[in-house]
Amino acid sequence: MSDSDVRVLLLSRYDRLAASSRVRSYQYLPYLRELGITVESRPLFDDGYIERLYRGRRRLAIPILTGYARRLWDLTTTARFDLLWIEYELFPWLPAWFEQLLARAAVPYVVDYDDAIFHRYDSHHSPIVRGFLGRKIDQVMRGARAVIAGNEYLAEHARGAGASRVECLPTVVDLNRYHVPTRRHDQPYTVGWIGSPLTAPYLQLVRDALAEVCRSDGVHLTLVGSGPVSLDHVPIDVRPWSESREVAELQAFDVGIMPLRDEPWERGKCGYKLIQYMACGRPVVASPVGASRHIVEHGTNGFLASTETEWVQALRALRDSALRARLGTAGRAKVERAYCVQVTAPRLASLLRSVATPRRAG
């Protein structure tokens with residue numbers, strides 16, 4: 001197959017508003033086009049769905065049914081493509097019927113994971129869900145030409161599920177968007193976090209540590225995209241998230257943080273916010289969970305902290321501007337080596353091309 005003859009149908013979970021779809025697939029599309037791969041994207045849920053979800057609206061039956069109907073129609077067009085690129089699964093909360101049909105019909109697909117989606121089913125509180133869907137993602141993985149995993153925890157699960165090919169491809173940033181600015185010395189020492197209302201509850205894990213450093217050290221805490229958050233005795237500046245402003249918001253941080261629980265779902269996280277901080281030349285403090293243990297080199301580009309005391313010590317140590325500069329420079333260098341689309345796009349293109357099958361005539 002020639003480099004200019006690969007057509008891929010991207011069946012993403014969301015549109016660009018959701019970070020998972022935006023950074024795992026959509027940011028790659030211009031680069032893949034330059035490398036001879038044309039991708040046509042069809043999200044299951046549009047940005048309106050995500051906006052409603054972030055506002056806390058749980059009754060989303062009509063948007064879900066609309067998305068499922070649209071996905072069914074999308075599957076009727078597969079003969080026009082050489083490969084399907086699926087984010088997670090085709091239909092959440094349904095068995096792997098359609099993925100199995102694709103495999104039986106020899107329709108090639110790859111499936112991409114940046115979260116431990118399998119734990120939504122195999123660790124569900126309902127025994128009915130566990131019994132009915134507990135092995136669903138394993139079935140999806142086994143039918144795929146390749147599983148693309150955002151970290152080793154996800155890759156290990158795919159191998160255990162019997163996937164024929166597993167490739168680790170970290171979640172990355174585009175260096176054309178991320179630059180290292182110079183911070184003025186007269187600005188307050190700012191600790192920052194970026195995320196969504198769905199991940200903001202993790203901040204409660206470091207509430208007491210933040211309260212301590214804010215009380216005694218005058219730390220300024222900025223949250224981007226969290227929505228309303230209350231942390232006792234912690235003054236917070238909450239900033240709205242937008243794709244056009246997110247890099248500028250990150251550049252205003254002195255330190256970026258990523259607290260997590262050490263539980264199965266969190267071990268599947270890919271540490272994207274850490275990569276964002278480091279791409280801006282900012283040191284990081286993170287819980288030693290999942291991919292964070294590999295991204296953060298303790299004392300080199302940031303600190304790993306488990307206890308309240310360790311979080312306080314790390315945030316206090318990073319008041320030293322010289323230390324921040326040294327760790328931030330090391331973090332940026334690591335992103336340039338391994339965590340940017342400029343490095344991973346050729347790898348992704350090679351993978352997609354290697355498993356694609358020339359489309360059928362007609």
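The values are calculated or read from the model by the stated rules, or taken from the named source; none is laboratory data. These numbers were taken from a predicted model, which means no experiment stands behind them. Glycine also receives a Cβ, built like all others from the backbone with ideal geometry; neighbour counts cover every protein chain displayed. All accessible areas refer to the heavy atoms of the entire protein, side chains included, with ligands and DNA or RNA removed. Shrake-Rupley method; radii C 1.70, N 1.55, O 1.52, S 1.80 Å.
Structure notes:
- Estimated from helical segments only, the mean residue ellipticity of the chain at 222 nm is -11500 deg cm²/dmol, where each DSSP H run of four or more residues counts as -39500 (n - 2.57).
- Gaussian network model of the chain, springs between alpha carbon atoms under 10 Å - residue of Thr300, Thr190, Thr66 with greatest fluctuation: Thr66
- Simple spin-label estimate for Leu198 and His125 in nanometres, 7 Å along Cα-Cβ: 1.9 nm
- Annotation: lysines with alpha-carbon distance below 18 angstrom to Lys334 (same-chain offsets under eight excluded): Lys273.
- Available extension along the chain between Tyr54 and Thr309 is 88.6 nm, counting 0.36 nm per residue and deducting the alpha carbon span.
- Across all Cα pairs in segment 174-273, the calculated P(r) in 10 Å bins from zero up to the longest distance comes to 14, 46, 34, 6, 0 percent per bin.
- At R0 = 22 Å, FRET efficiency that the Cβ-Cβ distance of Ala317 and Asp232 yields, to 0.05: 0.40
- The listed residues Trp193, Trp97 rank as Trp97, Trp193 when sorted by accessible area, largest first, using a 1.4 Å probe.
- Backbone N within segment 90-116 under 20 Å of label point (7 Å from Glu152 Cα along the Cβ vector): 113-116
- Using a probe of 1.4 Å on the protein chains alone, the accessible area found for Arg282 is around 20 Å².
- Between Asp217 and Val180, full extension at 0.36 nm per residue minus the direct alpha carbon distance yields a gain of 10.8 nm.
- The portion of the accessible surface of segment 1-144 made up by carbon and sulfur, rounded to a whole percent, is 56 (1.4 Å probe; DNA, RNA and ligands excluded).
- Most fluctuating residue given options Gly302, Gly160, Gly256, as computed from a GNM of the chain linking Cα atoms under 10 Å: Gly160
- For segment 175-224, the ratio of Cα radius of gyration to the globular rule of thumb 2.2 N^0.38 Å stands at 1.39.
- Highest-fluctuation residue, Leu304, Leu94, Leu274 considered, GNM on the chain with Cα pairs under 10 Å: Leu94
- Sorting Cys280, Cys168 by solvent-accessible area of protein heavy atoms yields Cys168, Cys280, largest first, with a 1.4 Å probe.
- Placing +1 on each Lys and Arg Cβ and -1 on each Asp and Glu Cβ, with no other charges, gives segment 1-144 a dipole about its Cα centre of roughly 680 debye.
- Carbon/sulfur fraction of accessible area - segment 206-362, other protein chains in place, 1.4 Å, %: 49 percent
- Computed P(r) (all Cα pairs; segment 2-120; 10 Å bins; percent): 12, 44, 34, 9, 1
- If the convex hull is drawn through the Cα atoms of segment 318-362, its volume per residue in Å³: 84 Å³
- Cα convex hull of segment 86-212, projected area averaged across orientations, nm²: 11.7 nm²
- Summed over the residues of the chain and divided among them, the accessible surface reaches 44 Å² per residue at a probe radius of 1.4 Å.
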